[in-house]
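The values are calculated or read from the model by the stated rules, or taken from the named source; none is laboratory data. Quantities reported herein were computed from a predicted structural model and do not represent experimental measurements. Reconstructed Cβ throughout: ideal geometry from the backbone, glycine too, with neighbour counts over all protein chains shown.
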C-alpha cells in the first residue's frame with residue numbers, strides 16, 4: 001500500500017496545500033497501481049484537522065484506505081466513518097502509538113460503530129511514537145519493544161486483522177533490515193512499514209508467502 005502523509009511530515013501552515021496536492025494525486029493516479037491510502041491528522045488530538053483531511057480526501061473515490069494515527073477511542077474511527085460515502089468501501093489502518101492505545105484496542109475494536117461500508121483492516125505499530133510516549137528506549141536487539149509488538153500482533157490476529165510492524169530506522173543497513181523483517185515475521189506480523197524505496201525488496205521478500213504458505 002502506498003500512503004500519502006498529511007500528519008507529521010506536513011507543517012501546520014501547509015496542511016491545506018498538502019490536502020489539495022494529495023487529492024489531486026489520488027484523482028490522477030492511474031488504475032492498476034498499488035492500493036492508495038492517506039494518513040490523516042490524529043482525530044484524538046487534532047479533530048478539526050482530521051475532519052478537514054477526511055473531507056478533502058474522500059472527494060476522490062480512488063482512496064481505498066486511511067491510516068489513523070494516535071488512536072485512543074472508538075470515536076476516532078467514527079469521525080472517519082461518519083464522513084465516508086456508503087457507496088464507496090473504505091478500510092482503516094489503526095496506528096498504535098501509546099500504551100493506552102495498545103491496552104484499549106480490544107475495546108475500541110468491539111465498540112466502534114462504523115457501518116457496513118467502513119471496516120478496520122489492520123493494526124500498525126508506530127515504534128518511535130510509542131517510545132516517545134512511554135519512555136521505552138529502542139534497542140538494536142529489538143528486545144525493548146518485544147512485548148508491545150507481540151501484544152499488538154496478537155490482538156490483530158484475535159480480531160482477524162493484518163498486523164503491520166514498525167519502521168526500520170536503519171534504512172541503509174540492509175542486513176539489519178532483513179533481521180528486523182525476520183523477527184517481525186516470527187511474531188506473526190503480515191507486513192512492515194517502509195520509509196525508503198531501498199527497503200521494499202527486503203520487506204517483500206520477508207513477507208511474501210512461500211510455496212508452503214509460510215513466511216520466508
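Return yes when residue 159 is buried (at least 20 other Cβ atoms within 10 Å of the Cβ) and closer than 30 Å to residue 89 by Cβ and no when it is not. Give the steps one after another, and end with the answer.
Working: buried (at least 20 other Cβ atoms within 10 Å of the Cβ): no; closer than 30 Å to residue 89 by Cβ: yes.
So residue 159 does not fit the description; no.
For region 1-11, which positions are touching a residue at least 24 places away in the same chain (Cβ under 8 Å) and touching a helix residue (DSSP H, G or I) at 6+ places or on another chain (Cβ under 8 Å)?
Passing the criteria: 4, 6.
With the requirement that a residue be surrounded by 15 or more Cβ atoms within 10 Å (Cβ to Cβ) and either without any contact (Cβ under 8 Å) to a residue 24 or more places away in the chain or closer than 20 Å to residue 195 by Cβ (or both), what does region 22-57 give you?
Residues of region 22-57 surrounded by 15 or more Cβ atoms within 10 Å (Cβ to Cβ): 22-23, 25-26, 29, 36-44, 46, 49-54, 56-57.
Those that are surrounded by 15 or more Cβ atoms within 10 Å (Cβ to Cβ) and either without any contact (Cβ under 8 Å) to a residue 24 or more places away in the chain or closer than 20 Å to residue 195 by Cβ (or both): 22, 25, 36, 37, 38, 39, 40, 41, 42, 46.
Of 164, 203, which residue is closer than 19 Å to residue 101 by Cβ and touching a helix residue (DSSP H, G or I) at 6+ places or on another chain (Cβ under 9 Å)?
Values: 203 fails: closer than 19 Å to residue 101 by Cβ.
One residue alone meets the criteria, 164.
Would you check if residue 188 is loosely packed, with under 14 Cβ neighbours inside 10 Å and at positive phi?
On the way: loosely packed, with under 14 Cβ neighbours inside 10 Å: no; at positive phi: yes.
Considered against the rule, which asks whether it is loosely packed, with under 14 Cβ neighbours inside 10 Å and at positive phi, residue 188 comes out as no.
Of all the residues that make up region 75-128, how many are part of a helix (DSSP H, G or I), under 18 Å from residue 36 (Cα atoms) and touching a residue at least 40 places away in the same chain (Cβ under 8 Å)?
1
What single numbered condition from (1) part of a loop (DSSP other than H, G, I, E, B); (2) out of contact with any strand residue (DSSP E or B) (no Cβ under 9 Å at 6 or more places or on another chain); (3) under 24 Å from residue 116 (Cβ atoms) fails to hold for residue 71?
The one condition residue 71 does not meet is (2).
Considering each residue of region 139-169, count those that are assigned to a loop (DSSP other than H, G, I, E, B), over 24 Å from residue 106 (Cβ atoms) and without any contact (Cβ under 8 Å) to a residue 12 or more places away in the chain, and give that number.
Taking region 139-169 first, the residues assigned to a loop (DSSP other than H, G, I, E, B) are 139-142, 159-161, 166-169.
So of that shortlist, the ones also over 24 Å from residue 106 (Cβ atoms) come out as 139-142, 167-169.
Filter again for without any contact (Cβ under 8 Å) to a residue 12 or more places away in the chain, leaving 139, 141.
Adding up the residues that qualify gives 2.
What about residue 67, is it modelled with pLDDT under 95 and buried (at least 17 other Cβ atoms within 10 Å of the Cβ)? Step through it out loud before you land on a result.
Working: modelled with pLDDT under 95: no; buried (at least 17 other Cβ atoms within 10 Å of the Cβ): yes.
Criteria not met by residue 67.
Do we have any residue at all in region 73-91 that's in contact with a helix residue (DSSP H, G or I) (Cβ under 7 Å, 6 or more places away or on another chain), farther than 19 Å from residue 3 by Cβ and at pLDDT 95 or above?
Yes; the residues of region 73-91 include at least one that is in contact with a helix residue (DSSP H, G or I) (Cβ under 7 Å, 6 or more places away or on another chain), farther than 19 Å from residue 3 by Cβ and at pLDDT 95 or above.
Only one residue in 205, 112 is out of contact with any strand residue (DSSP E or B) (no Cβ under 6 Å at 6 or more places or on another chain) and over 26 Å from residue 63 (Cβ atoms), so which one is that? Reasoning before the result, please.
Details: 112 fails: over 26 Å from residue 63 (Cβ atoms).
Only one candidate passes the filter, namely 205.
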